[in-house]
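Encoded as structure tokens, the structure appears first; notes follow it.
Computed from the coordinates by the stated procedures, all read-outs in this text should not be read as laboratory data. None of these values were measured; they are calculated from a predicted model. Reconstructed Cβ throughout: ideal geometry from the backbone, glycine too, with neighbour counts over all protein chains shown.
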Amino acid sequence: MSAGCCGGDNHGHGAHGHDQAHDLDGVYRNVLWIVFGVNAAMFCIEAVAGAIAGSVSLQADALDFLADAANYLIALFVLGKAITWRAGAALVKGGAMAVFGFYVLGYSAYMATTGGLPEAPVMGIVGAMALVANVGSAVLLYKFRGGDSNRQSVWLCSRNDAIANVAVIGAAGLVYLTHSHWPDLAVGFLMAVLSLHSAWQIIRQAMGELRQERLHAYPAE
């Protein structure tokens with residue numbers, strides 16, 4: 001009788017924990033939809049503004065917004081799925097971030113020899129808009145920054161974007177004061193390096209999760 005009661009209590013606690021986890025996933029899903037919409041809108045704004053202003057850092061940030069919007073959609077797709085799905089999605093996102101980083105490095109080098117002076121006021125205004133969008137997204141995602149590589153990658157994307165926007169605003173001020181395109185190019189370069197570093201973090205953790213899953217699925221005899 002005692003054992004039966006204990007079993008019933010454990011089941012109740014387990015069900016309660018499951019309900020809490022389910023509720024938390026529901027909140028996380030809603031947050032992901034919000035930050036997806038914000039990032040998709042900011043991609044459109046920065047892509048146009050970057051082309052008008054002739055700014056490497058704004059165009060790089062626009063591509064980053066596009067990558068993040070895609071990342072949030074992937075995160076929504078794998079939410080609640082097995083760790084193999086989540087780690088695989090994190091690998092895709094890490095690879096995309098690495099591609100973005102190498103692209104910006106190459107584009108910065110190209111603009112260093114052919115680019116003109118970017119429009120500092122446009123850089124500053126749009127950079128400030130992007131900062132507000134990314135800080136808001138990072139605040140919403142902060143509670144969910146722990147956990148598997150997929151959730152970590154979502155948090156890192158928003159954190160990196162907020163850092164990058166501060167740099168874009170600073171570059172706008174320096175472009176205005178120095179009448180040089182080098183601050184804009186330097187920010188583009190730094191954004192690429194930050195993207196590559198985060199990509200390595202995400203890929204390394206995702207690979208570790210996949211190795212652990214294989215060990216659990218096929219334990220050594």
- Query: Between residue 132 and residue 166, what is the spin-label point distance in nm, taking each point 7 Å from the Cα along the Cα→C-beta axis?
  - Reply: 1.9 nm
- Spin-label point model (7 Å from Cα, Cβ direction): what's the residue 84 to residue 48 distance in nm? 4.5 nm
- Most exposed first, judged by fewest Cβ atoms within 10 angstrom, 28, 103, 176 run 103, 176, 28
- Per its Cα gyration tensor (rounded if a/c is under 1.5, else prolate when a/b beats b/c, else oblate), segment 112-218 is best filed as oblate
- Task: About the Cα centre of segment 31-217, how large is the charge dipole given +1 on each Lys and Arg Cβ and -1 on each Asp and Glu Cβ? Please answer in debye to the nearest 20.
- Result: 720 debye
- In nm, to one decimal, how far is the residue 211 label point from the residue 125 one, both placed 7 Å along Cα→Cβ? 5.1 nm
- Computed E for residue 180/residue 139 - FRET, C-beta separation, R0 35 angstrom, nearest 0.05: 0.55
- Fewest to most neighbouring Cβ within 10 Å: what's the order for 108, 180, 195? 180, 108, 195
